[in-house]
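Presented below is the structure to which this report refers.
FYI, it's all coordinate maths here, none of it is from the lab. As the structure is a computational prediction, the values presented were derived from the model and not from experiment. With ideal geometry, Cβ positions are generated from the backbone for all residues, glycine too; neighbour counts draw on all protein chains shown.
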């Protein structure tokens, strides 16, 4: 006979679990003891939400479900935002929560929340385990659902009494499975449309951010030399230093990339996910839109493709590369002019000496400091738009941003997970002061784990993105300003090193030293968003409209 919690941990080991992020409680003590004697490492965090962000990021970077743990009630409800983060962002994750005994309990309804039903709309699969014998099937199904396309969040609740029960159940090994390949007639139909077009363009979305797909896309672009652009969560799938890159769909409309899209008569969407903010607005009859994805298109008012190629994306891209040949009537001259204007606009403030830093200078200096495979983890704020537009990624998952749930508070926990997954790469968390303070306590986690990690806190003493939107809508400034601690001393109180440059010229050398020095460093940098409304809402639309 085997103790149920031992069987549960053995099932995790069989799935290749390396880490469990979280905060155990009284109801998890059997499971905690089983973890203690396993090869799985428990990463104790300071908040369950942060544990969920770490597990989701682990899943995003590895393709394997990250695992997080909480107790019942308040611990479990603290995972709700992380569940939505993983589910909307297509990050494979398994949440394990405890619960009071279900066969007999002397505590009435103390701390009891129906966690399974709470998480049902935010997960692909959620179950309470009511029998020790059911553990192998439940764990196997939770991992299968979390990792299969489209990836997302799953949840298992292990009640206290079930965890201590004996069982003779055996583990269920993973089955061998291959995703269906795209139907050849659909590929031929898409290939013919691409070759008929005069101005085709490729869009690379979040669903294309898989190793095999990235390889096939790079080969396709190298053969056909068709210009491409990316969504925010498709950044780095294809090398953005390639002269065919037309930019990133960081803004909803009126950017340079949208001028190219206005001229395109065939848009090939590779891995588009409608959960991302729409990268362009479709207008009926103006162009052919081809949807290449694991699943058929979810049609809405801004997305209704005419051709769909459904199946494994990497294989579909390979089939398209075999079926399409470059055409002499393809004309990319206007795209070249759009790209030149975009490059000039992105670079125009890269050397701006003003202090506080302007976002363009910040992005340029961070790009100069980071290697091509180093990882930048963004929290959510106005700076995200500037990184999406101006930070050129050469490899997948080297700029981690969230354009699905777009939650604040994920930047630092995501960076901790990225450093755990990739100890050979430098990792930088970029956070606004608002987002940083939502999970800043995880500095202690990073220090305790002995990580080499740099945290950049952009200080504007406000919720800057909403303040920008407020200004754009011509509302008076109200309700967005806040106070902050001394971030240098705050970092030092956790055992990290704190820094604050005296001027813009000091920033890049200071950042480079922090990145190259072992341990946890925090750099507080004041940032000036004062020009953003004019640049994003007036200058860029005017300059892009002038391209002819």
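Overview of values
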item	result
Antiparallel DSSP beta bridges within the range 348-537, as percent of all bridges there, nearest 5	5
Degrees separating the helix 80-89 axis from the principal Cα axis of the chain, which is the longest one	40
C-alpha long axis of helix 359-369 to longest principal axis of the chain, angle in °	70
Cβ-derived FRET efficiency at R0 30 Å, residue 26 paired with residue 171, nearest 0.05	0.65
Stretchable slack from residue 528 to residue 150, in nm (0.36 nm times residue separation minus alpha-carbon distance)	132.2 nm
Rounded tilt (10° steps) of 313-323 against the dominant C-alpha axis of the chain	30
Sites residue 133 and residue 275 - FRET efficiency at Förster radius 56 Å, r taken between beta-carbons, to 0.05	0.90
Overall form of the range 184-340 per C-alpha gyration tensor (a/c, 1.5; a/b vs b/c)	rounded
Residue-span extension gain [residue 218 to residue 372] - 0.36 nm each, minus C-alpha spacing	53.8 nm
Amide N of the range 401-427 lying under 15 Å from the label point, which is placed 7 angstrom from the Cα of residue 482 along Cα→Cβ	407-412
Pair residue 489, residue 112: separation of 7 Å Cα→Cβ label points (nm)	4.8
Ordering of 327-333, 400-406 by packing [mean C-beta count within 10 Å, highest first]	400-406, 327-333
Centroid-to-centroid separation of the range 122-147 and the range 254-277 [C-alpha atoms, Å]	38
Least to most buried among 531, 114 (fewest other Cβ within 10 Å first)	114, 531
Sum of -39500 (n - 2.57) over DSSP H runs of 4+, divided by residues of the chain (222 nm, nearest 500)	-11000 deg cm²/dmol
Shape category assigned to the range 167-247 from the gyration tensor of Cα positions, a/c cut at 1.5	oblate
Additional length obtainable on full extension of the chain from residue 469 to residue 336, 0.36 nm per residue less Cα span	44.7 nm
Highest to lowest packing among 127-140, 145-158, scored as the average C-beta count within 10 Å	145-158, 127-140
Highest to lowest packing among 95-101, 115-121, scored as the average C-beta count within 10 Å	95-101, 115-121
